[in-house]
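Below is one structure, written out as structure tokens; comments come after it.
The values are calculated or read from the model by the stated rules, or taken from the named source; none is laboratory data. Values in this document were obtained by computation on a predicted structure and should not be read as measured data. Don't worry about glycine lacking a Cβ; one is built from the backbone with ideal geometry, like all the others, and counts go over all protein chains shown. Accessible surface is based on the protein model in full, side chains and every heavy atom, while ligands, DNA and RNA are left aside. Shrake-Rupley method; radii C 1.70, N 1.55, O 1.52, S 1.80 Å.
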Amino acid sequence: MRQTLTVLGLLTTAIAVASVAAGEPQTQRHALRDAVSATTRTPTNVARDKYRHPLETLSFFGVKPGDTVVEIWPGGGWYTEILGPLTAGKGTLYAAAPWPNGVKSAQTLQAKDAKAYGHLKFAAFPWTEGQPKVPDGSADAVLTFRNVHNWRMGYQRDGQDYAPEAFAQMFAMLKPGGILGIEDHRLPESASDEREKNSGYIKVSTVRRLAEQAGFKFVAASEVNANPKDTADWKDGVWTLPPSYRLKEVDRAKYEAIGESDRMTLKFRKP
């Protein structure tokens, strides 16, 4: 009888542990849904969810409410509007960008809504001596959306490619086991490497090489942000497509029908 009770006890414990483990991703999913549905988001940003798939993208990266997250180059704050509410109360969110102008949009969000964004911290990226930085080994996740091509093109550095330096700094920010999530405009592997310098597109192989040279291990790729309608061969680069519409009203309906660019979504881990 005692042996039977012991076995039943072990089975009950195993089932309970399995239930908790199964519940964790579900809880995380609910938190992500709530952040994507936050009423603090700008309506024009919400309208672009159909192109950017924030719920699926952040789920793929495995971002959790209690994480310390670094958003590299938040730009106008499209993802900040989601990551802020997601990490409020439990986690930490860094906005890291060229100092000091690059973080102004995130600072504006913080000033407007302390509840959703009061926990934001600000850092320089790429960092140089004397500027505020993300502490080494402090981040659970570093995320950057449509930016690696900018570093490759030398944006903010007089045309000089500083992508290797950028990846080295992101590697330093992360804890061992931390995640680097990258989304960017995808250049076909058959295209000339020269197109990475002026088109706004970049090859998956280039991003993987840069990440792996910095010490990252490739985890997985997702096609959640793929767009087969984008041929990536536009004369005016990726900015031909929405939301930039570089050609303004010329063939606007055509480009609107194509939608935003074809994008890679890549996940790496710091060993």
- Message: Just to be sure I understand: with springs between alpha-carbon atoms less than 10 Å apart, which residue in 247, 58, 83 has the highest mean-square fluctuation in the Gaussian network model of the chain?
- Response: 247
- Could you work out the helix-only [θ] at 222 nm for the chain, with each DSSP H run of four or more residues adding -39,500 (n - 2.57) and the total divided by the number of residues, to the nearest 500 deg cm²/dmol? -11500 deg cm²/dmol
- Item | Accessible-area value, residue 250, 1.4 Å probe, nucleic acids and ligands omitted, Å² | 90 Å²
- Task: Go through 206, 27 and list them by solvent-accessible area, largest first, probe radius 1.4 Å.
- Result: 27, 206
- Query: Of the cross-linked pairs 203/267; 90/115; 133/175; 104/175; 64/270; 197/248, which ones have a Cα-Cα span greater than 21 Å in the structure shown?
  - Reply: 104/175; 197/248
- Reported to the nearest 10 Å², residue 34 has, with a 1.4 Å probe, an accessible area equal to 110 Å²
- For the chain, modelled as a GNM with alpha-carbon contacts under 10 angstrom, which of 33, 157, 41 fluctuates the most? 157
- Item | Carbon and sulfur %, accessible surface of the range 68-131 computed with the full protein complex present, 1.4 Å | 51 percent
- Message: What is the ratio of the Cα radius of gyration of the range 181-271 to 2.2 N^0.38 Å, with N the residue count, to two decimals?
- Response: 1.17
- Item | Protein-only accessible surface order, largest first, of 223, 81 at 1.4 Å | 223, 81
- Which trypsin sites (Lys or Arg not before Pro) does the range 82-137 hold that lie in a coil by DSSP with at most 15 other beta carbons within 10 Å? 90
- Distance from the Cα centre of the range 61-116 to that of the range 220-271, in angstrom? 24 Å
- Message: Given a 1.4 angstrom probe, what's the average accessible area per residue across the chain, in square angstrom?
- Response: 49 Å²
